[in-house]
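The values are calculated or read from the model by the stated rules, or taken from the named source; none is laboratory data. It should be emphasised that the depicted structure is a prediction, and the values quoted were computed from it without experimental measurement. Don't worry about glycine lacking a Cβ; one is built from the backbone with ideal geometry, like all the others, and counts go over all protein chains shown. Each accessible area value is taken on the protein alone, full model and side chains, heavy atoms only, with ligands, DNA and RNA left out. Shrake-Rupley method; radii C 1.70, N 1.55, O 1.52, S 1.80 Å.
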Amino acid sequence: MLRPQMNLCRSTVELSNMWKIRAHGKERPIAVSASWNDQYEDLFFEEGPVGYIYDLDVPYEWKDKRVRFYFSAVNTKSRVYVNDDLAIFNNVGYLPFECHPKLKYGSTNKIRVEVENKLSKDDLPAGQMPGFERAGNFPPANFDFFPYGGIIRMPYVEISSRASVLNINFRCDKSVPSQKLGLAEITIEMTDECIGKNIEVSIGDLTNTKKITSAKENFHFEIKNARFWDLDDPYLYEVKVRILSGDESTDEYRIKTGIRTISLDDRHMLLNGKPVKLLGFGKHEEFPVEGQGTFKPLIVKDYDLLRWIGANSFRTSHYPYSEEWLDMADELGFLVIDEAPHVGLEKYHYENEKTVDLCVEDIKRLIDRDKNHPSVIMWSVANEPDSAHQKSDGFFKKLYETAKECDPTRPTTMVSCVPFCEKSGGPDVAMKHFDVISVNRYYGWYNHQGKIEEAEKLLSDDLDSLYKTYKRPVILTEFGADAISGFHANPAQMFSEEYQSEYIEKLFKVANEKDFVTGIHVWAFADFKTAQNVHRPLFNYKGVFTRDRNPKMAAHTLKRLWRR
Ligand code: GCB
């Protein structure tokens with residue numbers, strides 16, 4: 001699936017006017033792309049179903065066109081109705097879906113999206129298992145961020161010719177950086193109406209044309225003296241596809257992508273054949289008032305702060321972010337670990353056919369959406385599952401294989417916190433399936449509280465033993481400490497800015513000295529909203545920036561450690 005585009009052959013309408021929300025017997029204006037929770041006080045804990053209403057004028061000229069409704073993300077379950085006819089049901093949050101509803105041309109069409117965001121063990125990210133009501137979070141999230149709901153990302157209507165490009169898959173993993181040789185394999189999927197017409201594909205100044213004989217065509221390009229996408233020179237090539245009928249183009253689609261290779265040796269991740277160390281954060285895509293949504297100034301601001309602090313990477317913890325995030329990473333030269341919305345997985349999910357299928361579908365849809373971004377260097381199929389449970393072995397093997405089938409060109413990981421947050425007890429049984437060993441460790445915070453020196457030793461031994469066991473590159477995907485901005489203590493004590501700063505500096509240095517540690521991500525980039533429980537005074541305060549993006553002491557410390 002391609003996202004909608006405005007170009008010489010396609011028109012795209014952003015459904016960005018105020019929508020109406022129908023909830024609690026009232027109809028009120030509501031903004032998309034943002035969550036409903038913080039827009040009205042009485043919707044803060046709303047789980048739906050609520051109705052989103054939009055009147056769309058559909059010109060008569062669209063009648064002979066391909067009209068596609070594209071929802072960038074709706075959290076979490078939704079049914080789209082057009083003029084009261086069900087057009088699609090979607091149960092995957094954070095990822096796009098599309099439909100081609102029956103329309104009334106030359107008339108106003110009523111769009112209604114029924115959205116439900118009730119946490120349950122059958123949906124992902126997962127709700128808490130029954131039995132946790134007394135001691136658990138409210139809302140009952142089996143994860144540590146606020147379960148925001150609504151049409152969180154922009155919906156579009158795209159109008160194109162019936163002879164249209166449907167998908168583009170760009171691969172360049174066979175390229176040879178040392179010879180500056182770019183080898184690109186481009187697969188184009190099209191509607192059947194394209195068959196018999198011509199297709200023209202170009203990259204840079206190379207162009208190839210052929211007659212379309214099937215709905216899928218492959219192209220190979222050899223780009224001599226290629227300019228490789230790299231952290232210091234994130235050069236993007238334009239790939240342009242045109243469907244031609246005689247001299248006229250009936251459709252066109254352009255993507256910007258980069259030529260680069262990602263590979264591994266037994267200690268490092270290699271970008272264009274050279275070891276690269278990931279320095280950065282796990283973060284969240286959320287902000288006051290908008291909740292989870294696409295707030296473009298925030299994206300710009302966060303990249304500016306990532307640059308300021310000297311980071312080169314981040315993980316889209318714990319769900320896929322807006323596509324705009326990846327566009328910017330491509331353009332600015334950041335490396336992204338792209339994570340599926342799989343947090344809170346446990347035994348129930350491994351044993352239940354429906355949740356297994358849902359996870360497989362998430363992975364396929366994540367990779368389909370993000371496969372052409374050079375910034376995406378690795379897939380993460382889950383964060384902190386109960387990977388000590390025996391059943392997680394087969395489950396994660398399946399997710400690993402799914403990711404590899406969809407994309408053999410990128411490494412795949414699973415982020416483990418075993419043995420610290422396991423439910424089942426015992427060692428991790430699923431990590432062995434993955435290309436990179438990613439672990440979250442909180443020595444000096446959740447265990448050995450307040451004792452940074454002990455934490456240094458424990459972390460060091462732990463990392464060494466992981467490498468000894470797996471002989472693969474290791475990423476410390478999370479370590480961190482809460483600090484409430486303005487809390488100070490001498491000597492450093494938990495929750496003070498001093499403690500967070502000292503903890504991050506000392507543990508960073510421990511991990512940084514080990515050459516098999518190919519990445520170090522601090523948890524977290526900024527403070528964020530989460531569900532209520534006694535450990536969280538309104539927010540998770542592990543950000544090195546406050547929720548409104550002001551630096552804490554630890555941010556200055558990292559800037560000193562990271563800026564080259
Ligand atoms: C973790 C989780 C993350 C939490 C963090 C914390 O291990 O992956 O979602 O927010 O710890 O602060 O406890």
Open item on the list: Per residue, how big is the convex hull of the stretch 471-522 when only Cα atoms are used? Give it in Å³.
Closed with: 65
Open item on the list: Just to confirm my understanding: which cysteines in the chain have no other cysteine beta carbon less than 4.7 Å from their beta carbon?
Closed with: CYS9, CYS99, CYS172, CYS194, CYS359, CYS406
Open item on the list: Give me the mean projected area, in nm² to one decimal, of the convex hull enclosing the Cα positions of the stretch 324-459.
Closed with: 9.3
Task: q = 0.14 Å⁻¹, the stretch 178-309: log10 I(q)/I(0) [Debye, one scatterer per Cα] - done: -0.88
Open item on the list: How big is the stretch 139-252 along each principal axis, measuring the range of its Cα positions in Å and listing the largest first?
Closed with: 57, 43, 20
Open item on the list: Taking just the alpha carbons, could you work out the radius of gyration and Dmax for the stretch 301-371, both in angstroms?
Closed with: 14.9, 46
Task: Charge-dipole axis of the stretch 168-210 as Lys and Arg at +1 and Asp and Glu at -1 on Cβ define it, positive-most pick from GLN179, ASN169, ILE203 - done: GLN179
Task: Hull shadow area, averaged, the stretch 350-417 [alpha-carbon convex hull, nm²] - done: 4.5
Open item on the list: Report the per residue volume, in Å³, of the convex hull enclosing the C-alpha atoms of the chain.
Closed with: 146
Open item on the list: Let's see if you can work this out: charge +1 on each Lys and Arg Cβ, -1 on each Asp and Glu Cβ, no other charges. What is the dipole magnitude of the chain about its Cα centre, in debye to the nearest 20?
Closed with: 600
Open item on the list: Can you show me the helix-derived [θ] at 222 nm for the chain, built from DSSP H runs with n ≥ 4 at -39,500 (n - 2.57) apiece and divided by the number of residues, rounded to the nearest 500.
Closed with: -6000 deg cm²/dmol
Task: Whole-angstrom gap from the stretch 199-276 to the stretch 76-148, using each part's C-alpha centre - done: 35
Open item on the list: Which one, ALA23, CYS406, PRO537, projects farthest toward the positive side of the charge dipole computed for the chain from Cβ point charges (K/R +1, D/E -1)?
Closed with: CYS406
Task: Set of lysines near LYS197 by C-alpha distance (under 26 Å), chain-local residues within fewer than 8 positions excluded - done: LYS63, LYS65, LYS210, LYS211, LYS216, LYS240, LYS256
Task: Residue among GLY293, GLN39, PHE314 farthest towards the positive dipole end of the chain, charges placed on Cβ - done: PHE314
TODO: Determine the per residue accessible area of the chain with all protein chains present and a 1.4 angstrom probe, expressed in square angstrom.
DONE: 40
Task: Protein accessible area in the chain, 1.4 Å probe - carbon and sulfur % - done: 49
- [ ] Taking the Cα centre of the stretch 432-513 as origin, work out the dipole magnitude from +1 charges on Lys and Arg Cβ and -1 charges on Asp and Glu Cβ, in debye rounded to 20.
- [x] 420
Task: Net +/- balance of residues flanking ALA492 in space, Cβ distance below 10 Å, scoring K and R +1, D and E -1 - done: -3
Open item on the list: Taking the 0 to 90 degree range and rounding to the nearest ten, how far is the long axis of helix 353-370 tilted relative to the main principal axis of the chain, both from C-alpha atoms?
Closed with: 70
TODO: Write down the percent of antiparallel bridges among all DSSP beta bridges whose residues are both part of the chain, to the nearest 5.
DONE: 75
Open item on the list: Angle check, please: helix 296-309 long axis (alpha carbons) against the longest principal axis of the chain (alpha carbons), in degrees 0 to 90, nearest 10.
Closed with: 40
Open item on the list: How long are the semi-axes of the equivalent ellipsoid of the stretch 1-134, defined as square roots of 5 times the Cα gyration tensor eigenvalues? Whole Å, largest first.
Closed with: 30, 17, 13
Open item on the list: Taking the 0 to 90 degree range and rounding to the nearest ten, how far is the long axis of helix 390-406 tilted relative to the main principal axis of the chain, both from C-alpha atoms?
Closed with: 40
